[in-house]
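The values are calculated or read from the model by the stated rules, or taken from the named source; none is laboratory data. Just so we're clear, the structure is a prediction, and the values are computed from it rather than from any experiment. Quick reminder, even Gly has a Cβ in these numbers, built from the backbone with ideal geometry, and neighbours come from all protein chains shown. Surface areas here come from the heavy atoms of the whole protein model, side chains and all, with no ligands, DNA or RNA. Shrake-Rupley method; radii C 1.70, N 1.55, O 1.52, S 1.80 Å.
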Amino acid sequence: MLAAALLALPATVASAGELAIAVENIGNSEGHLRVALYREGSQFLKQGQEEAATFRNAAPGTMVFAFPDLAAGRYGIAVFHDANANGELDSNLLGIPTEGIGFSNAAKANFGPPTFADVAVTVPDEGTVTTRAPLTY
Amino acid sequence: MIDRRTFMTSLAVAGLGLTGISGAALADANAMRHRALNFQVGLRERPWLLGWQTLAAPTVSAGSAEIEVEGRIPPALNGDFCRNGPAGHEVFGHRYRHWFDGDGLVHRFRLADGAIRHEGRIIDTPKWRAEQAAVRPLYDAFDTDLEGASVSSLDSLNPGNISIIHHAGRLLALWEGGSAIELDPETLAFRDFVTLAPEARGMPFAAHPRLDRDGTLWSFGTAGFAGKIVLYRVNPNGSLHGIHLLDVAPTPMVHDFLITARHVIFILTPWRYDQAAGETFLEKHVWQPQAGGQALIIDKDDPSQRRIVELPPFWVYHFGNAWEDASGVIRFDYCRYADPSMTTEAFRQVMNGEAPTGTGASYRGARLDPAKGTFSESTLIDGPATEFPRVHPGRIGRRTDRTVMLLADPDAGVDHPLFATTAMVDRESGRIDAFVHGPTEIAEEAILVPADGDETDSGAGWVLQTVLDYAAARTRLKIFDASDLSSGPVAVATLPYALPLGLHGNFMKA
């Protein structure tokens, strides 16, 4: 019973790492910046597969988000500028995103999103790792 | 312990990481620099390649004191003649691969009571501004692949470099792979991408919209990656009337289209998009003549009503005009290429300092019978290559017999292989009224400006066009009496500089 409870806990807090991301090139203060974290092994960019997700009011320029208390491992982050604050990444009739998007490792979209391998950042047992996500509109 | 060699390698890697240039990107950049040298070498041997020299400065202007005018600019001809075309052929010494790659130069001749001034500027698109800030090319182009460049949106690459129109009080620079670009009508500066509706943001919008009799603007965009052609109907006040997505897969390259009183017509050639076929947008188009072509005829008021007529395989950039005759047969005129070799060969060769090869277009008059499903045509000009057919701008979709166009006639007696003759062709009478320019003048698109109030296709009015005199290193505006080209221009205005050869323009009466 005790063993099962221990197993259910996330990797020990004592050895947790942190992933910080600088979202750059934010065009304006409209709506929200939405940031989603995916762990290796989950389906990258698939709804419901996020390890964690957060949003804040948009501010032009650069905003920094941090995900503390992460188990060591490889993670990827996707960001979009939800300018109309509808909670969704809007796209046009041809399926091309019409709001600013960015990815950890400054990975770039190229007629489609980057792969997890392109965006993956390794978080160690301890300490903070920082990465960048310049938005492109 | 770090030895010196490891240290040097780390430095090099760190340096590259800072600027974000990968090894492959360096190879591409080197190829672009090499091309710039090839061009300069070729220019010495073939001085007419001046037409593809990159514009040295992002803005040009000349007032009436600096513009030499021979003859007399008709005082009744008041307004703006605006043109567009790729002119930023090099980005900090990196030369693009294809004529259609470079940043657009929009320029305007303003004619007022017989006086003239000229202004031009490279469109300061987000793409242009980002590259100016980075001091190097950052983005892929129509036929230049830059390893490591990303495509987050079509407009991130948009150089706005093919045409320019006035509609609903707005001045619009047009590419065809992304949105229309609204310009400041006075300064010609970039204002914004035009978004007709939130769901249409960033979608392709053609360089050849067709202006209907009531001021409605019809346009389209091709999206080979999605297997679609997008049809736009824009109200006379600039708002969106409607968008229809047409399933056309595989999607051919489509540069121009046609309207009549009742129909919108797409000529679908067998030059088709295949995502896997190559690296650049141009390379992804595969010539498949065995597949033949098709005319897609769409009801203007109900785009779900469509007919298809099978066509022989050919490539076409430009149409003159289309209309329906009394029996419902669609008549149109166009410049027909046997294949797209001019685009895949000649327009790369001139960028690399080479003489162009490729097959030019013949001029045809066609009949398309939607009821019978038949197509027939006659060849009106063959031998000299033809291009840039233009008609009375107020009669799009209605009958016109007169089309002004350019000819490249090997027997014209000029010193270059490019367009040297401007011709008004009257299909009804069979008369061709032509003027051969000077031996070192390259003719650019000629447009018809009807006389004030002339709604008919009488031929009254003017023909305006620019020419590049590569020997003098000067661009000239020539104004002809539209009913008498062969007598020569009534006025020639010579700018104190040479501009790269452009593509399309239009006149907006004051």
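At a glance:
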item: Matching residues, the range A:87-98, being open to solvent by less than 80 Å² (accessible area, probe 1.4 Å) and either more than 9 Å from chain B (Cβ to nearest Cβ) or of a type in the set (Ser, Thr, Tyr) (or both); result: A:87, A:89, A:91, A:98
item: Pick from the range B:240-268, criterion free of Cβ contacts under 8 Å to residues at least 60 places away in the same chain and assigned to a loop (DSSP other than H, G, I, E, B), ranking: nearest to the other protein chains (Cβ to nearest Cβ); result: B:251
item: Pick from the range B:177-224, criterion within 14 Å of chain A (Cβ to nearest Cβ) and within 23 Å of residue B:391 (Cβ to Cβ), ranking: surrounded by the most Cβ atoms within 10 Å (Cβ to Cβ); result: B:205
item: Filter result for residue B:57 (of a type outside the set (Val, Ile, Thr), at pLDDT 80 or above and surrounded by fewer than 13 Cβ atoms within 10 Å (Cβ to Cβ)); result: yes
item: Single residue of the range B:225-237 satisfying the filter (open to solvent by 10 Å² or more (accessible area, probe 1.4 Å) and more than 11 Å from every other protein chain (Cβ to nearest Cβ)) that is nearest to residue B:253 (Cα to Cα); result: B:233
item: Every pair of residues 6+ apart whose Cβ atoms lie under 6 Å, when the first sits in the range A:96-119 and is over 20 Å from residue B:279 (Cβ atoms) while the second is polar (S, T, N, Q); result: A:97/A:91; A:98/A:91; A:98/A:92; A:104/A:131; A:105/A:131; A:119/A:104; A:119/A:105
item: Answer from A:123, A:79, A:64 - the residue that is modelled with pLDDT of 95 or more, more than 13 Å from chain B (Cβ to nearest Cβ) and open to solvent by less than 50 Å² (accessible area, probe 1.4 Å); result: A:123
item: Breaking point among (1) touching a residue at least 40 places away in the same chain (Cβ under 8 Å); (2) more than 27 Å from residue B:196 (Cβ to Cβ); (3) within 14 Å of another protein chain (Cβ to nearest Cβ), for residue B:278; result: (1)
item: Selection count, the range B:346-372, where residues are closer than 19 Å to residue B:265 by Cα and either open to solvent by 30 Å² or more (accessible area, probe 1.4 Å) or hydroxyl-bearing (Ser, Thr, Tyr) (or both); result: 5
item: Cβ pairs under 6 Å, 6+ apart, first in the range B:154-173 and within 14 Å of chain A (Cβ to nearest Cβ) and closer than 23 Å to residue A:98 by Cβ, second part of a loop (DSSP other than H, G, I, E, B) and open to solvent by less than 10 Å² (accessible area, probe 1.4 Å); result: B:154/B:178; B:155/B:178; B:155/B:179; B:158/B:125; B:158/B:178
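Every residue, every condition in (1) at pLDDT below 50; (2) open to solvent by less than 70 Å² (accessible area, probe 1.4 Å); (3) of a type outside the set (Asp, Glu), yes or no:
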residue	(1), (2), (3)
B:8	yes, no, yes
B:27	no, yes, yes
B:41	no, no, yes
B:44	no, no, yes
